[in-house]
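Chemist: The structure that follows is given in the form of structure tokens.
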Amino acid sequence: MTVDEFKSLMAPVLDAVAARPLDGALADHLNAQFPAGGDTVAAITKACHDAIAAGWMCDQGPPNCRYGRVVEPAPDTHDLSIDVVDLTDIAGPHHSHPTGEVCLTMPVTAGARFDGMGAGWCVNEPGSAHSPTVSDGQALVLYLLPQGKIKFTRN
């Protein structure tokens, strides 16, 4: 799996996100069109595990909080960046989403939850903020950011 192959795999999801506002209705749409137990999410999950094993995804950070930007925003991604994090029982750094965030939770440990949610899609609306938290084990979280925008809180 290469970065270009991963971007191609993500194209239908990117198209679906670009066609709608970032809100709860988008999360419902993504969960219906690309369900956690479906072929598309299974392929994305496998691709993430393969890319992590190959060393080019989630290649930064300590063992329980690995991360990395996979794809920069560009016209062919509808100006969405693609990032993936690998989190184990941790609350990550607090940040806000100036333009919103679309997340896919892929539990590695059965029952692992991201911000209280199991496998599937969630949407953080523009202006929202959180400390991304994985509980009850390990999960991969793929997130899409319009214009790649994220603002980390400074202490």
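Chemist: Could you give the size of the charge dipole of region 73-115 about its Cα centre, using +1 on the Cβ of each K and R and -1 on the Cβ of each D and E, expressed in debye and rounded to the nearest 20?
Modeler: Using Cβ point charges on Lys, Arg, Asp and Glu, region 73-115 gives about 140 debye.
Chemist: Over all Cα pairs of the chain, how is the pair count split among 10 Å bins, expressed in % and running from 0 up to the last occupied bin?
Modeler: Distribution as computed: 12, 45, 39, 5, 0 percent.
Chemist: Could you name the lysines in cross-link range of Lys46, using Cα to Cα under 26 Å and dropping any fewer than eight places away on the same chain?
Modeler: Once the sequence-local lysines are set aside, what remains near Lys46 is Lys7.
Chemist: Right, another one. In deg cm²/dmol, rounded to 500, what helix-only [θ] at 222 nm does the chain give when every DSSP H run of at least 4 residues adds -39500 (n - 2.57) and the total is split over its residues?
Modeler: -8500 deg cm²/dmol
Chemist: Taking the Cα-to-Cβ direction at Thr2 and at Asn64 and moving 7 Å from each Cα, how far apart do the two end points lie in nm?
Modeler: So the label points at Thr2 and Asn64 sit 3.8 nm apart.
Chemist: Can I ask one more? Using the 10 angstrom Cβ neighbour count as an exposure proxy, how do Trp121, Trp56 rank, fewest first?
Modeler: Trp56, Trp121
Chemist: When the dipole is taken about the Cα centre of the chain, and only Lys, Arg (+1) and Asp, Glu (-1) are charged at their Cβ, what size is it in debye, to the nearest 20?
Modeler: Once rounded to the nearest 20, the dipole reads 320 debye.
Chemist: Normalised by the residues of the chain, what does the relative contact order come to in percent, with Cα pairs under 8 Å and at least six apart?
Modeler: Reported as a whole number, the value is 25 percent.
Chemist: What distance in nm separates the two pseudo spin-label positions at Thr88 and Val108, each 7 Å out from Cα along the beta-carbon direction?
Modeler: Reported label-point gap for Thr88 and Val108 is 0.6 nm.
Chemist: Quick check on the exposure proxy: order Ser8, Ser81 from fewest to most C-beta atoms within 10 angstrom.
Modeler: Final ranking by Cβ density, sparse to dense: Ser8, Ser81.
Chemist: Still on this structure, please answer the following. Quick check on the exposure proxy: order Phe114, Phe152, Phe34 from fewest to most C-beta atoms within 10 angstrom.
Modeler: Phe152, Phe34, Phe114
The numbers here are math on the coordinates, done by the rules we state, and not lab data. If you're wondering where the values come from, they're calculated on a predicted model, not measured in any experiment. Here Cβ is always computed from backbone atoms with ideal geometry, including for glycine, and neighbour counts include all displayed protein chains.
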